[in-house]
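A.B. asks: Sharing a structure, written as structure tokens. Questions coming.
Values quoted throughout were computed directly from the atomic coordinates according to the rules given, and no laboratory measurement underlies them. Bear in mind the structure is a predicted one, so any value in this text is a computation, not a measurement. Virtual Cβ from ideal backbone geometry, glycine too; neighbours counted across all protein chains shown.
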Amino acid sequence: MNAKRPTVNDVAREAGVSNATVSRVMSRPGSVKAETRDHIIGVMKRLGYRANHAAAELRRGRSRRLLVLVPEITNAFYAEFFKGIDEEARSHGYVLLIGDTSEDADSERAFSDMLLLNQADGLILNTNGFLEGLLPSDADGAYFGPPVVSCGGHKEIELPTVRTDDVLGGRLAAEHLVELGHQDLIQVCGPLHMNGFERRFRGFNEALFDAGISRQCDRDFCGALSVDFGLQAATKLIEADELPTAVFVHNDETATGLMHGLVRAGIRVPEDVSVIGYDDMPYAAVFNPGLSSVRLPRRDWGRLACKMLISILESKPEVSGPVIIPPKLVARASTAVPQRSE
């Protein structure tokens with residue numbers, strides 16, 4: 001027999017407050033002192049009250065708002081991703097709330113409270129680590145809170161997922177460079193504890209192994225990707241006096257910094273070093289030389305993530321497993337046959 005669902009009375013009794021205070025936390029959280037509000041929300045989470053109440057709210061009517069979270073809202077990468085979500089949401093009568101977590105614990109907690117308090121019907125999550133410790137999961141990692149679709153894949157919690165195939169993306173980059181004749185290759189990587197970057201790193205290495213090429217991973221550079229990080233990688237490569245013939249960079253922004261740093265030092269791209277990026281941002285095609293890149297279908301990615309979330313909200317799930325979107329290789333002038341001995 002199912003356990004009785006917790007009620008407002010249960011929350012109030014457990015928290016040591018009145019029913020009216022619990023109701024104000026749900027309807028007008030700003031009217032309750034932060035300490036009291038946080039204590040009551042903690043009790044709600046512990047009792048599982050909001051997860052059950054959210055289901056009842058769905059039956060009675062929803063806010064028609066979807067929350068979309070990313071780690072850096074000013075990153076141009078997300079423009080097409082947001083556009084795809086917005087187009088799909090509008091076609092079903094939903095509006096978007098877009099949030100920037102900055103991977104900050106207080107921000108993440110505030111956004112999790114929005115879901116637990118039913119200020120948004122569901123969440124599309126394109127960040128790393130947000131859910132751990134904030135929204136409820138059981139001992140086996142099964143999530144049981146408000147509807148969430150992950151766009152990166154979370155190792156600790158099982159969630160409906162729509163993500164790009166970053167292992168394939170890494171393989172495509174490696175295979176392109178190998179076909180050109182490169183054997184001395186390195187990577188400029190994003191933080192490898194993040195799922196997407198780890199998959200790119202792994203796919204690249206697996207493709208080289210399959211081609212019979214061994215390489216020294218200790219020559220790779222890993223860090224927070226940016227133009228400045230690309231410039232720093234270029235400087236360190238030059239100082240090491242051991243240039244590879246090709247570099248796979250985990251995003252286009254960093255690749256442009258790397259290329260600029262190399263060319264500024266008199267190193268030619270692609271004659272001396274070929275460079276391939278990732279994402280295929282709009283500026284990749286007009287950069288000089290044009291940047292070869294692994295293209296992610298960002299608008300389709302957002303559209304499919306939104307479609308999955310709405311299907312869950314409307315109890316019409318169309319797929320049972322993760323949706324994995326294949327990337328494509330776009331070859332441009334930044335990669336070429338190596339012109340110097342390896």
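A.B. asks: Hey, if you put +1 on the Cβ of every Lys and Arg and -1 on every Asp and Glu Cβ in the chain, which of L313, L125, G196 ends up farthest toward the positive end of that dipole?
C.D. replies: Most positive-ward Cα: L313.
A.B. asks: Would you mind calculating the gained length between E103 and D165 on full extension (0.36 nm times residue separation, minus the Cα-Cα distance), in nm to one decimal?
C.D. replies: 20.0 nm
A.B. asks: Taking square-rooted eigenvalues a ≥ b ≥ c of the alpha carbon gyration tensor, is the range 166-297 rounded, prolate or oblate, where a/c under 1.5 means rounded and, failing that, a/b exceeding b/c means prolate?
C.D. replies: rounded
A.B. asks: Treating the angle as unsigned and between 0 and 90°, give the value, to the nearest 10°, between the Cα long axis of helix 166-180 and the longest Cα principal axis of the chain.
C.D. replies: Taking Cα atoms only, the helix is inclined about 10 degrees.
A.B. asks: Taking +1 at the Cβ of each Lys and Arg and -1 at the Cβ of each Asp and Glu, which of P297, L208, I186 sits farthest along the dipole of the range 166-297 towards its positive end, judged by Cα position relative to the Cα centre?
C.D. replies: Comparing the listed Cα positions along the dipole, P297 ranks first.
A.B. asks: Run the dipole for the range 163-218 about the Cα centre, Lys and Arg Cβ at +1, Asp and Glu Cβ at -1, nothing else charged, and hand back the magnitude in debye, nearest 20.
C.D. replies: 180 debye
A.B. asks: Evaluate the relative contact order of the chain (contact order divided by residue number), counting alpha-carbon pairs under 8 angstrom at least 6 apart; express in whole percent.
C.D. replies: 17 percent
A.B. asks: While we're looking at this one, here's another question. Between E179 and Q339, what length comes free when the chain is fully extended (0.36 nm per residue of separation minus the Cα-Cα distance, one decimal in nm)?
C.D. replies: Stretched fully, the E179-Q339 segment lengthens by 56.2 nm.
A.B. asks: Which value at 222 nm does the chain reach when only helices count, each DSSP H run of 4 or more adding -39,500 (n - 2.57), with the total divided by all residues and rounded to the nearest 500 deg cm²/dmol?
C.D. replies: About -13500 deg cm²/dmol.
A.B. asks: Per 0.36 nm of contour for each residue apart, how much would the distance between C217 and H260 grow if the chain were fully extended, relative to their Cα-Cα spacing?
C.D. replies: Here the answer is 13.1 nm.
A.B. asks: Can you tell me which of 107-116, 12-21 comes out highest on packing, and rank the rest after it, using the mean Cβ neighbours within 10 Å?
C.D. replies: Going by the mean number of other Cβ atoms within 10 Å, highest first, we get 107-116, 12-21.
A.B. asks: Could you sort 158-164, 213-219, 292-298 so that the peptide with the highest average Cβ count within 10 Å comes first and the rest follow in order?
C.D. replies: Answer by packing, highest mean first, reads 292-298, 158-164, 213-219.
A.B. asks: A further question follows. Along each principal axis of its Cα atoms, how long is the range 199-246 end to end? Whole angstroms, biggest number first, please.
C.D. replies: Taking max minus min along each principal axis of the Cα atoms, the range 199-246 gives 32, 24, 15 Å.
A.B. asks: So for I124, I310, fewest C-beta neighbours within 10 Å to most, what's the order?
C.D. replies: Least crowded to most crowded, the residues run I310, I124.
A.B. asks: Could you work out the relative contact order of the range 166-297? I mean the mean sequence separation of Cα pairs under 8 Å and 6+ apart, divided by the number of residues, in percent.
C.D. replies: Relative contact order here is 24 percent.
A.B. asks: Angle, helix 49-60 long axis vs. longest principal axis of the chain, Cα atoms, 0 to 90°, nearest 10?
C.D. replies: 80 degrees
A.B. asks: Further, regarding this structure: What angle, in degrees between 0 and 90 and rounded to the nearest 10, separates the Cα long axis of helix 105-116 from the longest principal axis of the Cα atoms of the chain?
C.D. replies: That works out to roughly 50 degrees.
A.B. asks: State the antiparallel share, in %, of DSSP beta bridges confined to the chain, rounding to the nearest 5.
C.D. replies: In the chain, DSSP labels about 10 percent of beta bridges as antiparallel.
A.B. asks: Rg (Å, one decimal) plus Dmax (Å, integer) for the alpha carbons of the chain?
C.D. replies: My reading of the Cα-based Rg and Dmax gives 23.5, 78 Å.
A.B. asks: Of K4/K33; K83/K328; K83/K307, which ones are farther than 23 Å apart at the Cα?
C.D. replies: K4/K33
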